[in-house]
1. Return yes when residue A:263 is modelled with pLDDT of 95 or more, more than 23 Å from residue A:322 (Cα to Cα), of a type outside the set (Lys, Arg) and assigned by TED's automatic domain parsing to the domain that holds residue A:304 and no when it is not.
2. Across the range A:12-34, what is the number of residues that are within 14 Å of chain B (Cβ to nearest Cβ), part of a helix (DSSP H, G or I) and buried (at least 22 other Cβ atoms within 10 Å of the Cβ)?
3. So which pairs qualify, if the first residue must be in the range A:127-140 and assigned by TED's automatic domain parsing to the domain that holds residue A:229 and under 16 Å from residue A:162 (Cβ atoms), the second must be assigned to a loop (DSSP other than H, G, I, E, B) and of a type in the set (A, V, I, L, M), the Cβ gap must be under 7 Å, and the two must be at least 6 apart or on different chains?
4. Filter the range A:258-284 for residues that are touching a strand residue (DSSP E or B) at 6+ places or on another chain (Cβ under 8 Å) and of a type in the set (Lys, Arg); which is nearest to the other protein chains (Cβ to nearest Cβ)?
5. Answer yes or no: is there a residue in the range A:44-56 that is within 14 Å of chain B (Cβ to nearest Cβ), farther than 20 Å from residue A:109 by Cβ and assigned to a helix (DSSP H, G or I).
6. Applying the selection to the range A:32-51, what residues are among the polar types (S, T, N, Q) and touching a strand residue (DSSP E or B) at 6+ places or on another chain (Cβ under 7 Å)?
7. Give A:61, A:30 a once-over and let me know the one that is in contact (Cβ under 8 Å) with a residue 24 or more places away in the chain, in the same structural domain as residue A:156 (by TED's automatic domain parsing) and more than 27 Å from residue B:39 (Cα to Cα).
Amino acid sequence: MAERILMKGNEAIAEAAIRAGCRHYFGYPITPQTEIAAYMAKKMPKIGGVFLQAESEIASINMVYGASAAGMRVMTSSSSPGISLKTEGLSYIAGSDIPALVVNVQRGGPGLGGIQPSQSDYFQATKGGGHGDYRMIVLAPASVQEMASLTIKGFDLADKYRMTSMILADGTIGQMMEPISFEDVEINSYEKPWALTGTECKRKHNVVNSLYLKPEELEKKNFERFEKYAEIEKNEAMWEEYMMDDAEICVVAFGIASRVAKNAVVAARNEGIKVGLIRPITLWPFPTAAFEAAAEKVNSFISVELSMGQMIDDVKLATKCKKPVSLCNRAGGMIPSPDEILESIRNAKKGVL
Amino acid sequence: MKTTQILIAGFGGQGILFSGKFLAYKGLVEELQVSWLPSYGPEMRGGTANCNVILSDDPVGSPIITTPDVLIAMNLPSLQKYVDSVAPGGQIYIDSSLIDLKIERTDVEVFYIPATQMAKEEGIATLANMIIVGHLLENHPELSFDGAEAVVESLVPAKKAALKELNMKALSLGKNYKK
């Protein structure tokens, strides 16, 4: 096995991106993700890559748009308010069907909000954010190791499906250090015949654009795109199940919330409560199959979130409201303690929802 | 199956995060599962700083510590804030040259170490944190003092090689400290 080293979550994303072949990073500093930019600033010039601190978030996402159109593996990163600024570009990238990797190390909102960890950009990430009918693949790491592995996966999926992959992390996972090992990374490379690489007068020129003034054409584009999305929903959902075999109560949590929830699940099991955890790793596509199966056997669900309750909607949709779903949440940069989640589990056991 | 949750708290500039890093790396060397979580934001520019370090035989669940087994308090506000959260049977390490408070709890083991004073006398004024860590290592066989030098070596940048020796000096002072 490769050597274990200690790394911050943010640094793990940057290192993994470089190992995945990303040589173009455009960003603008914001807490709590600035280590990504700092790492890139240090490393990229040494390996012939590009690190550029843009004049704004809007500029940086449009640089991503341009570099991606030219066929490059490219990324940007920010935190919540910065991602809001980038959403126009995200919509254009979606409308142009080109790949990108975007990292959101979330902090509390809305507005300028705070700088402490949050998961309140779930809607923004999974339901669009920008205008128009589009999706992003949304990956939710729960450890420093996953910050790396999902970054690599994110680049791969982005190229494979020609769309944006978003790493939806939070301030805790970004700032914490854990042991990580970089196994030999297998990088899939994808032909990009659509990229703007120069025709050398040998082929018809390519166009990367999101403007379609004829509604018939634009409609067709939308339908085609949603066929692709349907394929992704079928093939790419990822999740982890923990102690679900005999569970009567199912806790649902992603990212840092799932780490705290695991402690609570263990504590509840010690009290004899049959409880398990489903941790969505892809937030879009949402791992519906896992919830359809769980809804057949558990009595109730508890959605644990660092928001006012956003993923809970998807849990209800995925389970078709067959079983009650309650919410255990903190917001604004606060994180529930294992005891708070344990109390929710005890209440669910008593049937108090 | 053992888990030790260490909460280190004090002012920004006291090396709170560094001492946490040292303990996390030491855990890594001892092949434990570890996590290190700093407070971040305005704290880093002065004010209070704290750091959560978890060392475990098993994979670490939540990296956030609510009931520390070990509290290192480097200033009075931190001690007052966290003293009641320490697990019964836990340990509290106090820099007694900065904190003039005796712990009333009788269900915890308390170590009063005049670390800042000791550091000043030895000309290593900024390394009070490592004096306390040295004493902690002595009390924690799962971490042990052996191999501390290699860990310091990996944490101190090559440009500041002189700091290695000073850190080791601080650790030894703490190790050998007797009331």
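1. yes
2. Selection size over the range A:12-34: 1.
3. Going by the 7 Å Cβ cut-off, the qualifying pairs are A:136/A:163; A:137/A:163.
4. My answer is A:262.
5. Within the range A:44-56, not a single residue is within 14 Å of chain B (Cβ to nearest Cβ), farther than 20 Å from residue A:109 by Cβ and assigned to a helix (DSSP H, G or I).
6. Matches in the range A:32-51: A:33 only.
7. A:61
Let's see how each residue does on (1) farther than 23 Å from residue A:120 by Cα; (2) touching a strand residue (DSSP E or B) at 6+ places or on another chain (Cβ under 6 Å):
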| position | (1), (2) |
| --- | --- |
| A:239 | no, yes |
| A:249 | yes, yes |
| A:253 | no, yes |
| A:256 | no, yes |
| A:286 | no, no |
| A:304 | no, yes |
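The values are calculated or read from the model by the stated rules, or taken from the named source; none is laboratory data. Values in this document were obtained by computation on a predicted structure and should not be read as measured data. Here the Cβ is made from the backbone with ideal geometry for all residues, glycine too, and neighbour counts use every protein chain on show.
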